[in-house]
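Shown next, in C-alpha cells, is the structure this report addresses.
The values are calculated or read from the model by the stated rules, or taken from the named source; none is laboratory data. These figures come from a predicted structure and were not determined experimentally. Counting neighbours? That spans all protein chains shown, and the Cβs are built from the backbone with ideal geometry, glycine included.
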Amino acid sequence: MTILIRPVITEKMTDQSEKYNRFGFIVDRRANKLEIKGAVEDMYGVTVEEVRTMVYPGKSRRRFTKGGGIISGSTNSYKKAIVQLADGETIDFYSNI
C-alpha cells in the first residue's frame, strides 16, 4: 500500500509550514497515524513529532448541458494528514523539479 499519495501545496499549508513547521499530505484512506509517521520519516529523512488526520467526504455536483440535460456526479473523498516536524527540520518539495 502506498501511504503518501501527494503533498498539499496551498497558500494556507505554506503559511503553516513557515510558522509552525507543519506539512500536509493526501494519504491513503486505510493508513493510520503510525503508518503515516513512518512513511514520512522514511521518505524525507526527518523526525515527526505529531500527526493529525481528517477525512473529507465527497460532495455531489450537478452540471447543466447545452441540450437542457443535467449530469449528476460527485467529487472523490480523501484523507488528509498534517504532519508536524521536530524543530530545525524541514521538507523541500521543490528540490525534485
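A single member of VAL46, VAL27, VAL51 is closer than 18 Å to THR10 by Cα, free of Cβ contacts under 8 Å to residues at least 60 places away in the same chain and not basic (Lys, Arg), and it is VAL27. Identification of strands (runs of 3 or more DSSP E) wholly contained in the stretch 1-64 with 2 or more residues that are more than 18 Å from LEU85 (Cα to Cα) yields 48-56, 60-64. Within the bounds of the stretch 65-86, is there any residue that is in contact (Cβ under 8 Å) with a residue 40 or more places away in the chain, in a loop (DSSP other than H, G, I, E, B) and in contact with a helix residue (DSSP H, G or I) (Cβ under 7 Å, 6 or more places away or on another chain)? Checked the stretch 65-86: no residue is in contact (Cβ under 8 Å) with a residue 40 or more places away in the chain, in a loop (DSSP other than H, G, I, E, B) and in contact with a helix residue (DSSP H, G or I) (Cβ under 7 Å, 6 or more places away or on another chain). Being among the hydrophobic types (A, V, I, L, M, F, W, C), in contact with a Leu (Cβ under 8 Å, 6 or more places away or on another chain) and over 30 Å from SER72 (Cα atoms) is a property that holds for VAL48. Total residues in the stretch 17-27 satisfying the condition of being in contact with a Lys or Arg (Cβ under 9 Å, 6 or more places away or on another chain) and buried (at least 17 other Cβ atoms within 10 Å of the Cβ): the figure is 4. Residues that are surrounded by 10 or more Cβ atoms within 10 Å (Cβ to Cβ), small (Gly, Ala, Ser) and over 19 Å from ILE5 (Cα atoms) do not occur anywhere in the stretch 49-70. Considering the stretch 76-97, and only residues there that are β-branched (Val, Ile, Thr) and at pLDDT 95 or above, the residue that is surrounded by the fewest Cβ atoms within 10 Å (Cβ to Cβ) turns out to be ILE82.
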